[in-house]
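First up is the structure itself, then whatever we jot down about it.
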Amino acid sequence: MEKLIVFNHKIYLDNKNTSLYIEKIKEYNNDNLIICPDFIELNTFLKSDLNIGAQNFSSTNQEADTGEISLSKLYGLGVKNYIIGHSERVKHHGEKLNIINKKLKLIEEKGAKAIVCVGDKKDNIFSEFLIMYQLKKIFKNIVNDNIVIAYEPVYSIGTGKILSRKKIEQRIKVIKKYFFDKKQKEVKVLYGGSVDENSIKELSISSYIDGFLIGKASADINKAIKLLEVVK
Ligand code: PGA
């Protein structure tokens with residue numbers, strides 16, 4: 001599998017289905033497949049050989065932070081990949097760019113992999129400026145090679161509305177140029193937002209799109225398998 005696939009289950013997976021999900025997905029286990037279950041399911045997933053990621057963690061590290069979960073503990077459990085900057089964290093939890101920058105520093109200190117989400121809120125002439133602005137703030141004082149960027153237009157997440165391949169490629173080129181100009185090692189850029197078994201066929205042809213961050217469809221084992229069959 002050449003494309004990097006990150007499954008972001010959010011809180012979609014019904015825990016009655018977890019064992020069956022793991023059993024079936026194991027057949028597709030691969031270095032290029034990262035599964036990010038919700039925290040209730042995390043331990044069960046960690047018992048498998050699958051590559052596991054966390055959907056979130058606290059920007060404070062083992063301090064007073066009620067209801068949060070620390071990177072150190074997750075890392076200790078064997079979680080090596082971390083999604084940060086997801087627009088749902090921004091929208092529902094008010095996460096600001098300086099907090100995302102702080103989380104990126106914590107990931108860097110551990111030597112773990114960061115899956116950093118960026119994306120425009122509206123498809124217009126400011127889209128690329130907004131993405132550049134996010135990158136500058138998130139990567140302030142950070143040169144980290146162990147990163148993957150996920151370009152996720154906010155209006156495409158969970159809506160079924162996907163931009164044309166050409167537009168996605170254009171935005172990805174802008175992201176890659178940002179890192180190229182910083183003289184950083186080539187960075188993989190994923191696309192995320194309403195990817196399903198149909199759209200992945202068209203998008204995976206693109207050599208600019210290095211993989212996909214997939215939400216809702218990834219939590220349904222039958223759909224997840226169909227997605228993986230396309231890119232295998
Ligand atoms: P979606 O979510 O595939 O359900 O649109 C993608 C994401 O939020 O990462």
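The values are calculated or read from the model by the stated rules, or taken from the named source; none is laboratory data. Quick caveat, the model's predicted, so the values are computed rather than measured. Note that we place each Cβ from the backbone using ideal geometry, even for glycine, and neighbour counts take in every protein chain shown. Side chains are part of the model used for accessible areas, which takes the heavy atoms of the whole protein and leaves out ligands, DNA and RNA. Shrake-Rupley method; radii C 1.70, N 1.55, O 1.52, S 1.80 Å.
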(request) Starting from residues that are open to solvent by 10 Å² or more (accessible area, probe 1.4 Å) and under 14 Å from I35 (Cβ atoms), keep the ones in segment 71-80 and report whichever is farthest from the ligand (Cβ to nearest atom). (result) G78
(message) For segment 179-197, give me the residue count where each residue is touching an Asp or Glu at 6+ places or on another chain (Cβ under 6 Å) and more than 16 Å from the ligand (Cβ to nearest atom).
(response) 1
(request) Would you check if there is a residue in segment 151-162 being basic (K, R) and more than 16 Å from the ligand (Cβ to nearest atom)? (result) no
(message) Checking I125 against (1) open to solvent by 20 Å² or more (accessible area, probe 1.4 Å); (2) outside any loop (DSSP other than H, G, I, E, B); (3) free of Cβ contacts under 8 Å to residues at least 60 places away in the same chain, only one condition comes out false. Which one?
(response) (2)
(request) Would you check which residues across segment 4-37 are open to solvent by less than 10 Å² (accessible area, probe 1.4 Å) and in a helix (DSSP H, G or I) and list them? (result) T18, Y21, I25
(request) Scan segment 50-85 for residues that are in contact (Cβ under 8 Å) with a residue 24 or more places away in the chain and part of a loop (DSSP other than H, G, I, E, B) and jot them down. (result) L50, Q55, N56, F57, S59, N61, I69, G78, V79, K80, G85
(request) Evaluate segment 129-138: report whether one residue or more is charged (D, E, K, R), farther than 30 Å from I225 by Cβ, away from the ligand (no atom under 15 Å from the Cβ) and at pLDDT below 95. (result) no
(request) Filter segment 87-112 for residues that are open to solvent by 10 Å² or more (accessible area, probe 1.4 Å) and in contact with a strand residue (DSSP E or B) (Cβ under 7 Å, 6 or more places away or on another chain) and give the result. (result) S87
(request) Among the numbered conditions (1) assigned to a helix (DSSP H, G or I); (2) out of contact with any Leu (no Cβ under 8 Å at 6 or more places or on another chain); (3) free of Cβ contacts under 8 Å to residues at least 40 places away in the same chain; (4) not hydroxyl-bearing (S, T, Y), tell me where E88 comes up short. (result) (3)
(message) Restricting to segment 180-196, give me the number of residues that are over 18 Å from the mean Cα position of the chain (by Cα) and touching a residue at least 24 places away in the same chain (Cβ under 8 Å).
(response) 3
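Residues checked against (1) closer than 22 Å to L33 by Cα; (2) outside any loop (DSSP other than H, G, I, E, B); (3) in contact with a strand residue (DSSP E or B) (Cβ under 9 Å, 6 or more places away or on another chain):
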site: A114; (1), (2), (3): yes, yes, yes
site: D145; (1), (2), (3): yes, no, no
site: R171; (1), (2), (3): no, yes, yes
site: F179; (1), (2), (3): no, yes, yes
(request) Confirm whether R171 is open to solvent by less than 40 Å² (accessible area, probe 1.4 Å) and of a type in the set (K, R). (result) yes
(message) Return the pair list, or none, for Cβ contacts closer than 8 Å from residues in segment 1-19 that are at positive phi and within 16 Å of the ligand (Cβ to nearest atom) to residues that are open to solvent by 70 Å² or more (accessible area, probe 1.4 Å) and among the basic types (K, R), at least 6 apart or on different chains.
(response) K10/K216
